[in-house]
Amino acid sequence: MTDTTTTSTPIPAAPPPGSPASRPGSAPASAPTSFIGALEIDVRFLGMLGALAVIWVVFDILAGGTFLTARNLWNLSVQSSSIAVMSTGMVLVIVMRHIDLSVGSILGVTGMIMAVFQVGTLLPTFGFNHPAVIVLTLAAGICAGAAIGALHGFVIAYLGVPAFIVTLGGLLVWRGAAWAVAEGKTIPLVDDNFKLLGGGANGSVGEMWSWVIAVIACLAIAAAAVQARRQRQRFHFPQKPVWAEFVIVITGCLAVIAATLVVNAYTLPPVLARRYAEAAGLTVPPEGISISFGFAIPVLVALAVGIVMTFVTNRTRFGRYVFAIGGNPEAADLAGINTKRVTLAVFALMGALAAIGAAISTARLNSATNAQGTLDELYVIAAAVIGGTSLAGGSGTIAGAMLGALVMQSLQSGMVLMRVDTPYQNIVVGIVLVFAVWIDTVYRKRIK
Amino acid sequence: MNAATSPLAPGASRVSGTPMVEMRDICISFGGIRAVDDVSVDLYPGEVVGLLGHNGAGKSTLIKILAGAYRPDAGEIRIKGEKADIANPRDAKRYGIETIYQTLALADNVDAAANLFLGRELMTPWGTLDDVAMEAATREVMGRLNPNFRKFKEPVRGLSGGQRQSVAIARAIHFNAKILIMDEPTAALGPQETAQVAELIKQLKAEGIAIFLISHDIHDVFDLADRVSVMKNGKLVGTARTSDVTKDEVLGMIILGKSPPGALAGPGAATD
Ligand SMILES: Nc1ncnc2c1ncn2[C@@H]1O[C@H](COP(=O)(O)OP(=O)(O)OP(=O)(O)O)[C@@H](O)[C@H]1O
Ligand SMILES: [Mg+2]
């Protein structure tokens, strides 16, 4: 659509006498001013990690040591998945200076659509546990979510109705639609493959595969660092100091290993483990057998979505346009970007991600209800904002939002562990949301 | 008036008969305000035409119509003698029209390279953004425009006004423009960078690029422009070759709207 021929117009190489023209690329590396500066990591991301650590330690103390257990952290990871998936889309929506209040309702309606389609159409056609069932269930849900999102995007971009209003309307419309799909009935899900998306003992990959994934992740982290360095070397650009690369790669690998150790430390209860092993035809030694959960499938889905979305935001034209539009919509327009089409695509993507969130949460509960996802929009927006996405538009990261999802879920699980009633939990979540936006406002004023 | 036979056409030694750009009888209003009212200007290859006028005269609005940012209510645009339909900035770029906007039109939250290539990113064979190649090209073009520029990795929000202006100029000249629109390109630049931009304009002109230059500095305009067109309250006061009029006469056009004998009077010329 745009041409990329860039034979540049020659420019007079006429620096006035006295100022030697520097050869491109010969620019001296600006001396790193600090340890963190040299690492080139986002200070906010570090701050968030710190906040998460504080939350975890405080809850562990308040809940008498029940928070920082392998079991609770594993559950936390599963519970965060759905919100984390949706928060990656919310980042792009908010970066473009919009908002989507309808994600919880889209989750509800797409969950119902998937359940009704699976039970009513796919099972009779293909039979029990046929592999086509999960594929078509997901395809139907994601298409429905994308279509709903695209409809919102169309009204926002082409008819000029503010996103706040369109998605506030959507919040009611799709919640009502979720009821209408099955007249308020709860639809149980029966496909065993689909249920794997919800986690649980069968929905985890086990110890060995968790280590395989960990090793691949560590290799990928190292390879990414090497690749980035090579690219910059090719053009003789200033480089990060080598020690900084090592610090980052080693920290990343340690984090992966720590997470793997935690999920592998969560084991099936002895009775279940024995039954499971016997079913698999293993001989059980008299002292019992230990079977680890390992990474849960919904967590892996969320991480995969995070990686894909990070790629989309950083490495594709679409992602670049989303940020440019968020930074200066007029400039993006004048640069020839079709801002309306990008807006529509962002909302469609948000809808598709809400459907993935719906697949995870209906699979986890083994059924779809018309109330599913109620208030999720608040958690998703809070996750994005806590994760450093500015409501002023133009800035935010996928990784930050996913970490924000973990923060929100930690707060909620911690309160559940402490037996805080739901209404009080909501009070806390509401306050945290406002507080996070206030912090963001203060932070942005300071750096101006 | 037919520009091809206009007495104001630049010397036959340098130009062919057809102008690169003709904007004829252009009108546009915002609400009740007629921002541009029946204005006709033209521009030949290798020519610099200065657009002059008070604040709010309608200069930026006129060139934004050529750049595809606004659609005119009436009038037509011809490129190389053929009627051009410029519905959006992409169309304008397809005609080889590049623009340095008065507002610079930079996305503040991304770096210089991202702004330079905004809308025409360089891609790797795998269809991903080739950020290193874009940074390399940016370093090269900026190295010549503003050799002291170092902040390649920073969002342009963190740049000085002059540095931002350099980025906007770099963007306009990097893509083989045939028609260049410069809306106050040196407003934020220091004397050294301003001199460099003047050099640049002379070189681009020598290459046959046609340039509309908007500036409030009448001395600069007289140094660089072959002709000037003056606007007042959205109307064209007149067009004159810089060799046929004095600076005082042009000031009279700007301030009083009086078209001197050396100029071709437009519809906005004061009648006394
Ligand atoms: N988008 C718009 N909406 C409404 N009015 C506008 C718009 N753009 C320009 N105008 C009006 O049109 C008139 C001409 O503005 P324009 O920006 O073209 O002036 P200018 O000659 O470039 O002035 P300056 O020298 O200050 O840059 C002004 O009265 C301005 O208020
Ligand atoms: Mg102007």
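The values are calculated or read from the model by the stated rules, or taken from the named source; none is laboratory data. All figures in this text were calculated on a predicted structure; none of them were measured in a lab. Here the Cβ positions follow ideal geometry from the backbone for every residue, glycine too, while neighbour counts run over all protein chains shown. Remember, those area values only see protein heavy atoms, side chains included, never the ligands or the DNA or RNA. Shrake-Rupley method; radii C 1.70, N 1.55, O 1.52, S 1.80 Å.
What pairs come up if the first residue lies in segment A:267-279 and is of a type in the set (Gly, Ala, Ser), the second is open to solvent by less than 90 Å² (accessible area, probe 1.4 Å), and their beta carbons are under 8 Å apart, counting only those six or more places apart or on different chains?
Cβ pairs passing all conditions: A:ALA273/A:THR267; A:ALA273/A:GLY288; A:ALA273/A:ILE289; A:ALA273/A:SER290; A:ALA273/A:ILE291; A:ALA277/A:VAL284; A:ALA277/A:ILE289; A:ALA277/A:ILE291.
So which pairs qualify, if the first residue must be in segment B:118-141 and over 17 Å from B:SER166 (Cβ atoms), the second must be open to solvent by 30 Å² or more (accessible area, probe 1.4 Å) and not in a loop (DSSP other than H, G, I, E, B), the Cβ gap must be under 6 Å, and the two must be at least 6 apart or on different chains?
What qualifies is B:GLU121/A:ARG317; B:THR128/A:ARG315; B:LEU129/A:ARG315; B:ASP130/B:MET123; B:VAL132/A:GLN231.
Restricted to segment B:64-76, and to residues that are open to solvent by 10 Å² or more (accessible area, probe 1.4 Å) and either among the β-branched types (Val, Ile, Thr) or more than 16 Å from ligand 2 (Cβ to nearest atom) (or both), which residue is nearest to the other protein chains (Cβ to nearest Cβ)?
Here is the first cut: in segment B:64-76, the residues open to solvent by 10 Å² or more (accessible area, probe 1.4 Å) are B:64, B:69-76.
Retained after the next criterion (residues that are either among the β-branched types (Val, Ile, Thr) or more than 16 Å from ligand 2 (Cβ to nearest atom) (or both)): B:71-76.
Working: B:ARG71: 13, B:PRO72: 17, B:ASP73: 20, B:ALA74: 23, B:GLY75: 21, B:GLU76: 22 Å.
Step by step, filter segment B:64-76, then rank; the result is B:ARG71.
Can B:THR61 be described as away from ligand 2 (no atom under 16 Å from the Cβ) and either open to solvent by 10 Å² or more (accessible area, probe 1.4 Å) or at negative phi (or both)? Let's see the steps before the verdict.
Details: away from ligand 2 (no atom under 16 Å from the Cβ): no; either open to solvent by 10 Å² or more (accessible area, probe 1.4 Å) or at negative phi (or both): yes.
So B:THR61 fails the test.
With respect to B:LYS93, is the statement that it is crowded, with 22+ Cβ neighbours inside 10 Å and either at the interface with another protein chain (Cβ under 9 Å from one of its Cβ atoms) or basic (Lys, Arg) (or both) true? Before the answer, list the steps.
Numbers: crowded, with 22+ Cβ neighbours inside 10 Å: yes; either at the interface with another protein chain (Cβ under 9 Å from one of its Cβ atoms) or basic (Lys, Arg) (or both): yes.
Taking the combined requirement at face value, the residue satisfies it.
What strands (runs of 3 or more DSSP E), lying completely within segment B:173-272, carry at least 3 residues that are within 16 Å of ligand 2 (Cβ to nearest atom) and more than 14 Å from chain A (Cβ to nearest Cβ)? Give the derivation first.
Values: elements: B:179-183, B:210-214, B:227-232, B:235-241.
Filter on segment B:173-272 gives B:210-214, B:227-232.
Give the residues of segment A:304-348 that are more than 13 Å from chain B (Cβ to nearest Cβ), over 28 Å from B:ILE63 (Cα atoms) and in contact (Cβ under 8 Å) with a residue 40 or more places away in the chain, sorted by residue number.
The answer is A:VAL305, A:GLY306, A:MET309, A:LEU344, A:ALA345, A:VAL346, A:PHE347, A:ALA348.
Within segment B:201-213, does at least one residue satisfy the condition of being of a type in the set (D, E, K, R) and closer than 28 Å to B:ALA74 by Cβ?
Scanning segment B:201-213, I find no residue that is of a type in the set (D, E, K, R) and closer than 28 Å to B:ALA74 by Cβ, so the answer is no.
Looking only at residues in segment B:120-133 that are within 7 Å of chain A (Cβ to nearest Cβ) and surrounded by fewer than 19 Cβ atoms within 10 Å (Cβ to Cβ), which one is farthest from A:THR316 (Cα to Cα)?
Applying the first criterion (within 7 Å of chain A (Cβ to nearest Cβ)) to segment B:120-133 yields B:120-123, B:128-129, B:132.
Filter again for surrounded by fewer than 19 Cβ atoms within 10 Å (Cβ to Cβ), leaving B:122-123, B:128.
On the way: B:LEU122: 11, B:MET123: 9, B:THR128: 5 Å.
Out of the qualifying residues, it is B:LEU122.
For segment B:202-212, indicate whether the set of residues that are within 16 Å of ligand 1 (Cβ to nearest atom) and among the hydrophobic types (A, V, I, L, M, F, W, C) is non-empty. Spell out the reasoning first.
Keep residues of segment B:202-212 that are within 16 Å of ligand 1 (Cβ to nearest atom), which gives B:212.
So of that shortlist, the ones also among the hydrophobic types (A, V, I, L, M, F, W, C) come out as B:212.
Yes, segment B:202-212 contains a residue that is within 16 Å of ligand 1 (Cβ to nearest atom) and among the hydrophobic types (A, V, I, L, M, F, W, C).
Which condition number does B:VAL167 fail, the rest of (1) surrounded by 19 or more Cβ atoms within 10 Å (Cβ to Cβ); (2) out of contact with any helix residue (DSSP H, G or I) (no Cβ under 6 Å at 6 or more places or on another chain) being met?
The single condition B:VAL167 does not satisfy is (2).
Out of the residues in segment B:102-119 meeting the condition of being open to solvent by less than 10 Å² (accessible area, probe 1.4 Å) and in a loop (DSSP other than H, G, I, E, B), tell me which one is nearest to ligand 2 (Cβ to nearest atom).
B:ALA105
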